[in-house]
Amino acid sequence: MVSSKATKRKPTTRKPTTKNLVIVESPAKAKTIEKYLGKNYKVLASKGHIRDLPKSRMGVDIDHNYEPTYISIRGKGDTIKELKKAAKNSQNVYLAADPDREGEAIAWHVSYVLGLDLDDKNRVVFNEITKDAVKEAFKHPRNVNMDLVNAQQARRILDRLVGYSISPILWQKVKKGLSAGRVQSIALKLVIEREKSIQKFQPKEYWTILSHFQAGTAKKNIFEANFYGVDGKKKELPSNQAVKDILAQIDKRKKFNVSKVVKKERKRYPAAPFTTSSLQQEANRKLNFKTRKTMMLAQQLYEGINLGGRQGSVGLITYMRTDSTRIATVAKHETAKFIQEEYGEQYAATKLHKTKNPEGAQDAHEAIRPTSVLRTPQSLKKVLTRDQYRLYNLIWNRFVASEMTPAVMDTVKVVLEQNKIQFQANGSQIKFDGFLKLYKDDNQTKDNLLPDLSEGQQVKLLDTNPEQHFTQPPARYTEASLVKALEENGVGRPSTYAPTIDTIQRRYYVKLNGRSFEPTELGEIVDNLIEKYFPDIVNIDFTAQLEDELDGIEAGKEKWTKVVDEYYQPFSKELKNADEKIEKLQIKDEPAGFDCDICGAPMVIKLGRYGKFFACSRFPDCRNTKPIIKEIGVVCPKCHQGQVVERKSKKRRIFYGCSRYPDCDFVDWNKPINRDCPKDGHYLVEKKVKGGRQVVCPNGDYEEEVQK
């Protein structure tokens with residue numbers, strides 16, 4: 001169903017000229033496309049949406065089939081005037097917004113504002129912004145797809161109904177400035193449930209026995225093996241006594257017998273090219289990019305980068321909002337030829353890889369790939385920013401690797417036995433690197449070579465090294481693992497992950513500790529209320545089912561008003577119940593233990609939007625506030641009077657400074673420690689590095705081994 005406000009609009013008449021008007025979303029995209037289309041086309045940008053639901057009120061008429069009221073977005077007046085004027089003087093108007101639900105909705109809104117006929121075939125879509133792709137797309141314009149528009153409308157209206165209904169209750173009962181939404185509530189719930197699992201976790205003790213053996217007398221034939229079990233059955237070692245019992249059965253005077261040698265050749269296949277979700281996860285893991293940053297950079301690469309000279313602005317990657325791993329055949333052939341010429345025929349896959357899309361994938365677009373494999377990252381390094389280059393390099397490498405041959409590993413498993421006590425050694429060696437030549441995956445390990453052993457051979461036990469361990473609790477979510485969890489649970493869609501994660505951080509429902517999310521007290525309060533009074537919102541299965549119904553609208557199988565109504569009717573009853581039964585929460589201020597240095601009244605600890613802070617108990621009569629500063633137990637290395645304290649920048653990044661600021665301006669991004677450099681006497685810092693932390697001298701002439 002289409003809003004009646006759209007059906008009443010009559011097409012405007014335009015003076016035909018020789019110019020064709022093309023309307024896209026972004027100015028960067030406009031420049032690139034105008035260059036490809038030539039002088040008979042004028043390309044303007046809507047700069048995103050030009051109409052939306054009003055911010056000041058619900059904007060959805062619940063009593064009249066959820067009729068939305070759309071208004072021009074504040075600040076878009078000049079853009080709308082420019083588009084209307086250009087449309088009036090153009091022979092044809094083409095709508096070339098992004099090829100997804102949001103882009104289709106933008107095209108529909110622009111069509112309404114300009115008075116275009118919905119029966120006109122004026123919608124143009126392309127998956128990559130290259131000359132060939134753009135020109136081909138203009139040969140096959142179509143109507144605005146109202147199924148896509150209605151799927152976007154349904155999501156937008158549902159989110160408005162939920163957000164504008166629950167948020168006022170949270171403002172009234174908890175504190176102002178809070179919000180609740182369908183997907184963000186699930187994301188918050190996942191973080192809180194993980195934290196509860198960590199708190200409930202009871203570590204269990206276990207032991208391992210790593211031993212060294214030697215075949216023959218040569219030192220090169222010394223190798224490691226781990227205790228496996230007894231008489232062919234794997235045995236756990238829960239205590240030191242269990243270790244002692246095993247070691248008591250070993251006769252150190254006798255050699256171990258090589259009872260089994262199993263050699264295999266194993267293939268490791270490359271990962272599929274990126275989807276939106278896998279790109280966000282990998283960019284977070286390998287580049288430490290936040291999801292929002294990843295999408296911003298990907299948008300820039302998609303819309304076009306000025307390569308200089310005759311090339312001008314060129315879109316470097318295909319559309320970055322996709323859940324498909326499909327690759328166009330022409331791109332596969334170009335890549336195969338490139339691999340043969342660059343790396344050799346043995347690295348090019350002899351058969352085109354067939355990738356399997358994730359379950360539930362819409363497959364509307366290709367996977368994220370370079371628009372031309374010939375534009376290598378190195379050739380573009382001078383025209384890209386550092387972060388653009390790093391992301392493009394990741395996308396290019398992953399795509400090219402996905403079209404390469406698998407790596408071949410030679411593996412060997414050796415079982416050593418004495419008195420029925422068994423140790424096991426595993427070795428592996430890369431026989432042929434295949435795709436690993438280009439793309440290092442998470443599972444890649446160094447060669448672990450074993451000496452050439454044969455069954456029945458005798459080897460000498462050199463030593464036994466028992467070691468105590470404890471099971472570890474589940475890890476807290478990082479941005480990468482939270483995106484993965486949302487995707488696996490079918491909650492939200494690729495385009496929603498970045499804004500969702502950004503929202504729960506801005507609302508201070510979660511905070512980052514290093515790279516991991518922890519729920520805040522405020523987040524737990526909000527989650528408890530929503531879980532108690534709006535259980536469907538935090539029900540993962542219910543939310544995933546709703547996503548399937550939104551997909552059904554897009555496919556033309558469901559009516560959007562029916563989907564919205566089936567969700568809203570039970571939700572409205574929960575709203576009424578919550579409004580009546582939720583009592584106003586009194587978040588008590590904690591005593592700070594010192595007095596206000598302005599009026600002398602006691603200071604208290606308050607909970608604000610960005611966490612806890614010190615404030616005067618006489619607020620609002622006295623508005624004195626102070627940040628809560630965390631001392632790290634280190635005397636300032638500059639003034640030797642103040643304490644080094646942990647602070648946060650405007651972007652919430654942790655740094656370290658002197659407590660006597662501004663009298664002392666000492667500052668360091670790395671954490672100072674209570675030791676001086678043995679070489680020059682400078683203070684040392686603890687620096688985060690891959691694999692752990694490292695103690696280094698800021699002057700760069702001293703470092704210690706990584707501490708994991």
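Would you confirm whether or not region 123-137 contains a residue that is in a loop (DSSP other than H, G, I, E, B) and open to solvent by less than 10 Å² (accessible area, probe 1.4 Å)?
yes
When you scan region 69-81, how many residues do you find that are in contact with a strand residue (DSSP E or B) (Cβ under 9 Å, 6 or more places away or on another chain) and either exposed (fewer than 11 other Cβ atoms within 10 Å of the Cβ) or under 30 Å from Ile33 (Cβ atoms) (or both)?
Looking only at that region, the number is 7.
Do any residues in region 664-685 that are in the same structural domain as Gly514 (by the TED database) have Cβ atoms under 7 Å from those of residues that are open to solvent by 90 Å² or more (accessible area, probe 1.4 Å) and at pLDDT 85 or above, where the two are at least six apart or on different chains, and which pairs are they?
none
Can you list residue pairs whose Cβ atoms sit under 8 Å apart, with the first residue in region 258-271 being open to solvent by less than 40 Å² (accessible area, probe 1.4 Å) and the second being of a type in the set (Phe, Trp, Tyr) and outside any strand (DSSP E or B)? Count only pairs 6 or more apart in sequence or on different chains.
Filtered contacts from region 258-271: Pro270/Phe435; Pro270/Tyr439.
Looking only at region 466-508, filter to residues that are among the small types (Gly, Ala, Ser) and in contact with an Asp or Glu (Cβ under 8 Å, 6 or more places away or on another chain); which one of those is nearest to Arg653 (Cα to Cα)?
The selected residue is Ala480.
In region 567-624, what residues are touching a strand residue (DSSP E or B) at 6+ places or on another chain (Cβ under 7 Å) and among the aromatic types (Phe, Trp, Tyr)?
Phe594, Phe613, Phe614 - these are the residues of region 567-624 that are touching a strand residue (DSSP E or B) at 6+ places or on another chain (Cβ under 7 Å) and among the aromatic types (Phe, Trp, Tyr).
Name the pairs: first residue in region 570-586 and farther than 11 Å from Ile169 by Cβ, second residue modelled with pLDDT under 85 and surrounded by 10 or more Cβ atoms within 10 Å (Cβ to Cβ), Cβ to Cβ under 7 Å, at least 6 apart or on different chains?
Close Cβ pairs (under 7 Å, with a partner that is modelled with pLDDT under 85 and surrounded by 10 or more Cβ atoms within 10 Å (Cβ to Cβ)) amount to Leu585/Lys173; Leu585/Val174.
Touching a residue at least 40 places away in the same chain (Cβ under 8 Å) and farther than 30 Å from Glu102 by Cα - does that describe any residue in region 386-397?
No, every residue in region 386-397 fails to be touching a residue at least 40 places away in the same chain (Cβ under 8 Å) and farther than 30 Å from Glu102 by Cα.
Within region 381-416, which residues are more than 23 Å from Ile327 (Cα to Cα) and buried (at least 18 other Cβ atoms within 10 Å of the Cβ)?
Leu384, Met409, Val412, Val414, Val415, Leu416 - these are the residues of region 381-416 that are more than 23 Å from Ile327 (Cα to Cα) and buried (at least 18 other Cβ atoms within 10 Å of the Cβ).
Among the candidates Ala407, Ala401, single out the residue that is farther than 14 Å from Lys267 by Cα and either touching a Leu at 6+ places or on another chain (Cβ under 8 Å) or not assigned by the TED database to the domain that holds Glu236 (or both).
Numbers: Ala407 fails: farther than 14 Å from Lys267 by Cα.
From the options Ala407, Ala401, the qualifying one is Ala401.
State yes or no: is Ala615 of a type in the set (Gly, Ala, Ser), surrounded by 14 or more Cβ atoms within 10 Å (Cβ to Cβ) and touching a helix residue (DSSP H, G or I) at 6+ places or on another chain (Cβ under 6 Å)?
Working: of a type in the set (Gly, Ala, Ser): yes; surrounded by 14 or more Cβ atoms within 10 Å (Cβ to Cβ): yes; touching a helix residue (DSSP H, G or I) at 6+ places or on another chain (Cβ under 6 Å): no.
Considered against the rule, which asks whether it is of a type in the set (Gly, Ala, Ser), surrounded by 14 or more Cβ atoms within 10 Å (Cβ to Cβ) and touching a helix residue (DSSP H, G or I) at 6+ places or on another chain (Cβ under 6 Å), Ala615 comes out as no.
Among the residues of region 550-566, which ones are open to solvent by less than 40 Å² (accessible area, probe 1.4 Å) and under 18 Å from Leu161 (Cα atoms)?
Matches in region 550-566: Leu550, Trp560, Thr561, Val563, Val564.
Considering each of Ala87, Ala30 in turn, give the residue that is farther than 30 Å from Gly163 by Cβ and within 30 Å of the chain's Cα centre (by Cα).
That would be Ala30, the only listed residue that is farther than 30 Å from Gly163 by Cβ and within 30 Å of the chain's Cα centre (by Cα).
Does Lys648 meet the test of being within 30 Å of Lys173 (Cβ to Cβ) and among the charged types (D, E, K, R)? Show your work before the answer.
On the way: within 30 Å of Lys173 (Cβ to Cβ): yes; among the charged types (D, E, K, R): yes.
It is true that Lys648 is within 30 Å of Lys173 (Cβ to Cβ) and among the charged types (D, E, K, R).
Looking at this structure, is Arg160 open to solvent by 20 Å² or more (accessible area, probe 1.4 Å), under 16 Å from Pro68 (Cβ atoms) and within 31 Å of the chain's Cα centre (by Cα)?
On the way: open to solvent by 20 Å² or more (accessible area, probe 1.4 Å): no; under 16 Å from Pro68 (Cβ atoms): yes; within 31 Å of the chain's Cα centre (by Cα): yes.
It is false that Arg160 is open to solvent by 20 Å² or more (accessible area, probe 1.4 Å), under 16 Å from Pro68 (Cβ atoms) and within 31 Å of the chain's Cα centre (by Cα).
Applying the selection to region 58-68, what residues are touching a residue at least 24 places away in the same chain (Cβ under 8 Å) and open to solvent by 20 Å² or more (accessible area, probe 1.4 Å)? Walk me through it before giving the result.
Going residue by residue through region 58-68, those that are touching a residue at least 24 places away in the same chain (Cβ under 8 Å) are 58-60, 62, 65-68.
Within region 58-68, Met58, Ile62, Asn65, Glu67 meet the criteria.
Taking region 315-342 on its own, how many of its residues are open to solvent by less than 30 Å² (accessible area, probe 1.4 Å), under 27 Å from Lys31 (Cα atoms) and more than 26 Å from the chain's Cα centre (by Cα)?
Counting residues in region 315-342 that are open to solvent by less than 30 Å² (accessible area, probe 1.4 Å), under 27 Å from Lys31 (Cα atoms) and more than 26 Å from the chain's Cα centre (by Cα) gives 1.
The values are calculated or read from the model by the stated rules, or taken from the named source; none is laboratory data. Being a predicted model, the structure only gives us computed values, none of them experimental. Using ideal geometry, Cβ is built from the backbone for each residue, glycine included, and neighbour counts are taken over all protein chains shown. Surface accessibility is based on the protein's heavy atoms, side chains included, excluding ligands, DNA and RNA. Shrake-Rupley method; radii C 1.70, N 1.55, O 1.52, S 1.80 Å.
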